[in-house]
Amino acid sequence: MLSAQIRDELAAELAQAERSRVPIAPLTAAHPDIDVVDAYEIQLINIRQRIAEGARVVGHKVGLSSEAMQQMMGVDEPDYGHLLNEMQVFEETPVKASRYLYPRVEVEVAFILAEDLPGADCTEEHVLAATEAFAPAIELIDSRITDWKIKLCDTIADNASSAGFVLGKQRVKPDDIDIKNIDASLTKNGEVVAQGRSDAVLGNPVTAVAWLARKVESFGVRLKAGDIVLPGTATRAIDVRAGDDCVADFSGLGSVRLVFE
């Protein structure tokens, strides 16, 4: 467990790395005693600071939601980060790759909530009842840690390596699609570079959202009506750079595009 002073210092280092686009060494290297609670508290320090500067929380993302990623990190549950309004990007507007350090994209089925979710008692049934629609999405991830040399507490402290997100235009109600059986593919510059299916996310993306609702309550956070939730990627993450044109296609859910300049 780290002191409050050390947490503040590490949060400031991560924030400066994001602003300057100069990465820092892993937090876990200099502070091997850091734990998950420390890491989430560091994340929250920076989120609160950004809110104080005018940002709004518009949702959350779940990371490490596939079995393979959990095995790689040596964990048995996902992690989460915050989505802020200033992180949203749009299909019609190319994104400057230079804004990021090591940008990657992931293909996700976004949940748009119509009602607040309960916390510790949240079930998959609650999630489906509260979801207004699913939407095609691409999450833009990045690491403020040099060369993505991260362990679990590094990525949690770094807002679960989140950097941006874009939603496609299509909306599909939960009753109109099998959320566990959506095929997804990512095309980069006309070439298919990743393929997967929605059940790669904990067997069911709804499971990831229910886990998230239960988890965040312990940190004084709730999932609310209007929130966007990214439950985890259906495919592996793909590196991107200036000039890349990415399109994610989802069976029964449409597509979404993200262009880098």
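The values are calculated or read from the model by the stated rules, or taken from the named source; none is laboratory data. Model, not experiment: these values are computed from the prediction. Here the Cβ positions follow ideal geometry from the backbone for every residue, glycine too, while neighbour counts run over all protein chains shown. Accessible surface is based on the protein model in full, side chains and every heavy atom, while ligands, DNA and RNA are left aside. Shrake-Rupley method; radii C 1.70, N 1.55, O 1.52, S 1.80 Å.
Okay, residues lined up against (1) surrounded by fewer than 13 Cβ atoms within 10 Å (Cβ to Cβ); (2) on the phi < 0 side of the Ramachandran plot; (3) under 19 Å from the mean Cα position of the chain (by Cα):
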{"position": "Asp8", "(1), (2), (3)": "no, yes, no"}
{"position": "Leu14", "(1), (2), (3)": "no, yes, yes"}
{"position": "Pro26", "(1), (2), (3)": "no, yes, no"}
{"position": "Asp33", "(1), (2), (3)": "yes, yes, no"}
{"position": "Gly59", "(1), (2), (3)": "no, no, yes"}
Q. Within the range 225-243, can you find the residues that are open to solvent by less than 30 Å² (accessible area, probe 1.4 Å), in a loop (DSSP other than H, G, I, E, B) and in contact with a helix residue (DSSP H, G or I) (Cβ under 9 Å, 6 or more places away or on another chain)?
A. Pro231, Gly232, Thr233, Ala234, Thr235, Val240
Q) What strands (runs of 3 or more DSSP E) completely inside the range 127-224 contain at least 1 residues that are basic (Lys, Arg)? A) 183-188, 191-197
Q) Counting just the residues of the range 183-206 that are in contact with a strand residue (DSSP E or B) (Cβ under 6 Å, 6 or more places away or on another chain) and aliphatic (A, V, I, L, M), which one comes out surrounded by the fewest Cβ atoms within 10 Å (Cβ to Cβ)? A) Val192
Q.
Looking only at residues that are open to solvent by 10 Å² or more (accessible area, probe 1.4 Å) and polar (S, T, N, Q) in the range 158-182, which one is nearest to Glu18 (Cα to Cα)?
A. Asn159
Q) Can you tell me which residues in the range 18-36 are modelled with pLDDT of 95 or more and closer than 15 Å to Ala160 by Cα? A) Glu18, Pro26, Leu27, Thr28, Asp35
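Working only within the range 107-157, note down all residues that are acidic (Asp, Glu) and open to solvent by 10 Å² or more (accessible area, probe 1.4 Å).
Within the range 107-157, Glu115, Asp116, Asp121, Glu124, Glu125, Glu132, Asp147 meet the criteria.
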Q. When residues of the range 77-99 are filtered for being open to solvent by less than 20 Å² (accessible area, probe 1.4 Å) and not in a strand (DSSP E or B), how many remain?
A. 4
